[in-house]
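To start, the structure itself, in structure tokens.
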Amino acid sequence: MANHRENSEPKPEDTQNLRIRAILRRRHMRRDRHAWRIVAAALTAVVLTGGSVAYANTARVDQKDPQATEAYFASHKLQDRQTEEDELSEAQSILEERIQKEKAAEKAAAEKKKAEEEKKRKAEEAKKKAEEEKRKAEEEKKKAAEPNWQLPSSASISSGYGMRWGAMHNGLDFAADMGSDVNAIGGGTVTFAGVNGGFGNLVIIDHGNGIESYYGHNSAINVSVGDKVSRGDVIAQVGSTGDSTGPHIHLEVHVNGEPTEPTAWFRGKGVDV
Ligand SMILES: [Zn+2]
């Protein structure tokens, strides 16, 4: 049940309650009055009987008075019943009206709640949609900010990423001719340019977003640490320095410091491999 009666302000219901109580009180009063009338009638009857006896003694009996008394009471009784019925029906209609009002109020409250829930749901949906659009826009912005990518050479791949001769091969080998160009796979900053063990002459480019590219076995290096390079820039010449059995480019792609499988990575960036 709705708790709309908690308000301390006087309500139409309270007024109606007073009205109903007044009706019931009047009914009690009438009942009491009725009892008094019976007593009064009895007394009157006694007096009249006494009178009749007195008249009878003088042989002059008048029947008119008792009849008038009876008619008087009958008429008043009828009037009382009518009033009672009217008031009862009034009380009943007040109660019925109140029930109707309560039902209407409950219905209105339920409809209001439903409308509010619908409004809330729509607001959440709109918020979600806006967040999704924002996320998409940010993703596109990030993608647009990222450099485009390409392979370091148009030469064919002679060896892939994975276990080879019992050791891990962390990159792709491109069977390029001695002295041909080694292209930066994307824009970035040179973080290493020099000899590095088995890599021979090595160039490392930091592309940002945790992505680095390694180019090994070069015969010559054209860049220095700190240089900014763009995608396709010729950073070195193909060679066979370090652990190498013939001229080729050894390319590694590192993501967050770890070598990753370059073929899938390039395909993920929209580069055909
Ligand atoms: Zn290799």
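Quick note: the coordinates plus some simple rules give every number you see, no bench work behind them. Worth saying up front: this structure is predicted, and the values here are computed from it rather than measured. Positions of Cβ are backbone-derived with ideal geometry, glycine not excepted, and every protein chain shown enters the neighbour counts.
Structure notes:
- Exposure proxy ranking, count of Cβ atoms within 10 Å, fewest first, for 80, 233: 80, 233
- Listed cross-link partners 113/134; 134/269; 107/127; 11/103 are compared with a 27 Å cut-off, the Cα-Cα value being larger for 113/134; 107/127.
- Under the criterion of Cα pairs below 8 Å and six or more residues apart, the relative contact order for the chain equals 14 percent.
- With the convex hull drawn over the C-alpha atoms of the chain, the volume per residue is 229 Å³.
- Largest-first principal axis extents of the Cα set of segment 128-273 (Å): 57, 34, 25
- Taken about its Cα centre, segment 157-268 carries a charge dipole of roughly 80 debye when the Cβ of each Lys and Arg holds +1 and the Cβ of each Asp and Glu holds -1.
- Segment 85-126: C-alpha gyration tensor shape, a/c 1.5 cut-off, then a/b vs b/c: prolate
- Between helix 64-145 and the chain there is an angle of about 10 degrees, using the helix long axis and the longest principal axis of the Cα atoms.
- Database remark: amide H of residue 229 closer than 5 angstrom to the amide H of 188, 189, 190 (H placed geometrically; neighbours at sequence offset of 5 or more, or on other chains; Pro and chain starts carry no H).
- C-alpha long axis of helix 12-57 to longest principal axis of the chain, angle in °: 10 degrees
- Here segment 75-106 and segment 205-264 have alpha carbon centers that stand 98 Å from each other.
- Calculated [θ] (222 nm, deg cm²/dmol) that DSSP helices of n ≥ 4 give over the chain, each run adding -39,500 (n - 2.57): -18500 deg cm²/dmol
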